[in-house]
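The structure appears below as structure tokens.
Here, each number is a calculation from the coordinates, and none is a lab measurement. Because the structure is a prediction, the values reported are computed rather than measured. All Cβ positions, even for glycine, are placed from backbone atoms using ideal geometry, and neighbour counts span all protein chains on display.
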Amino acid sequence: MEREARREYMSKQQGFVSWQQLREGDIWADHIVFETMEDAKKVAECGEPNPFAEEFYSFINLNSCQTHMFSIERSYE
């Protein structure tokens, strides 16, 4: 399911760079990178309905979710 959501929805969003799902025990985190903060905020607003995104999020208790947006301060590559 997450592959379809990434391929059919997230990867088509403006500025999308990458998406990783992280897990520690029962806690999951999505690490999603966009080119700009504006691009990330547009996706977070959930503007356009999308069947793949809707199905993906139907498995998640959205009341338990928190969104945190960060800007890159330094990058070590």
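In nm, to one decimal, how far is the modelled label at Arg3 from the one at Lys42, with both set 7 Å along Cα→Cβ?
2.8
Given labels modelled 7 Å from the Cα in the Cβ direction, how far is it in nm from Asp30 to Ser18?
1.7
For a quick protection proxy, order the peptides 12-23, 60-71 by their average other-Cβ count within 10 Å, most packed first.
Ranking, from highest mean packing down: 12-23, 60-71.
Given H placed 1.01 Å from N in the peptide plane, which residues other than close sequence neighbours of Asp30 have an amide H under 5 Å from its amide H?
Amide H to amide H, under 5 Å and 5 or more residues apart or across chains, Asp30 pairs with Leu22.
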